[in-house]
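The structure under discussion appears below in the form of structure tokens.
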């Protein structure tokens, strides 16, 4: 199709499919994968089985280090590497790991048998960012503001994940995804931007590619994957929740204070006041010991959890209502990958709920 110019000649109209293919190619090259879809590194949920399955499907699988000790971090990297020949990443959370962070990163890099993608939730210390890139690994930083995206770019990040308020889990900012993407793309032209929050399939991704994205990061969709370590009741709740099934709250702060988080609605979020403190479940931590879970803990319910799972932090984004079944991770990847370049523009993503 062509359009007339003022001089009477015709010029070819931009080809949306070609533009999207080019954007995906930039994202894939930056991450070292076939398709630039990043599986979020969700603590307790994103283990070696899920990361390997996503990597085998051509996307970026990620194993969560969360609060793992250095020897545990190394074991997670080796376990994941033994399961896949693909590129995979490790996720760290500087503000939660604290003094463990330096050891986690060094142990993960030492255990790696291939280049990794170090996925940092929030800005990592500059020295550790250099450690990653100087060793030949890629740095991916998740941010929630254009300003933090610029800081991450200055740290040498190969890609910037932009988390909108539609996303499940803890929030890094207060901007809806479309606004965050538009402002960051304008401030950092040419950078590899991976939006996150409320995305369900190739049509959703196509709209964001047209707006400056080069791929995406997704969490909730992979919580419901067969290979994730989420508790079966948590997965089933994702499948059955309705359009208004999530809320932004501050009720799950033990172990991770100071950030609003989007979760499935449940007895804790819907109570008129925070329920009294008590132990509600038991779970197994990385060292194999059983630990009680207090009401209000930031811990997500994993397969090891026993007790009142529905009262735990079941993180979920605004795309949850479109999840209709627990499927293999490869099927989740295929949903985003299929016909991305030719997908028709989707309806605008839902605005983040203001209800708490």
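All of the numbers you see were taken from the coordinates with simple rules; none came from a lab. The structure presented is a predicted model; accordingly, all values stated were derived computationally and were not measured. Cβ coordinates were reconstructed from backbone atoms using ideal geometry, including for glycine residues, and neighbour counts include every protein chain displayed.
Per-structure values
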read-out	value
For segment 48-184: rounded, prolate or oblate by the Cα gyration tensor [a/c cutoff 1.5]	prolate
Acute angle (nearest 10 degrees) that the helix 16-31 long axis makes with the longest principal axis of the chain, alpha-carbon atoms	50 degrees
Rounded D (µm²/s) - the chain, Kirkwood Rh over Cα pairs, Stokes-Einstein at 10 °C, 1.306 mPa s	78 µm²/s
Mean projection area, nm², convex hull over Cα of segment 232-320	5.8 nm²
62, 340, 240 arranged by Cβ crowding within 10 Å, fewest neighbours leading	240, 340, 62
Between 0 and 90°, nearest 10: helix 70-83 axis offset from the chain longest Cα axis	60 degrees
Computed helical MRE - 222 nm, the chain, DSSP H runs ≥ 4 contributing -39500 (n - 2.57), nearest 500	-9500 deg cm²/dmol
Beta bridges per DSSP with both ends in the chain, % antiparallel, nearest 5	40 percent
Cα shape, segment 110-246, gyration tensor, a/c 1.5 rule	oblate
Percent antiparallel among DSSP beta bridges (both partners in segment 232-320, rounded to 5)	90 percent
Relative packing of peptides 266-273, 17-24, 45-52, 300-307 - highest average C-beta neighbours within 10 Å first	45-52, 300-307, 17-24, 266-273
Acute angle (nearest 10 degrees) that the helix 177-187 long axis makes with the longest principal axis of the chain, alpha-carbon atoms	60 degrees
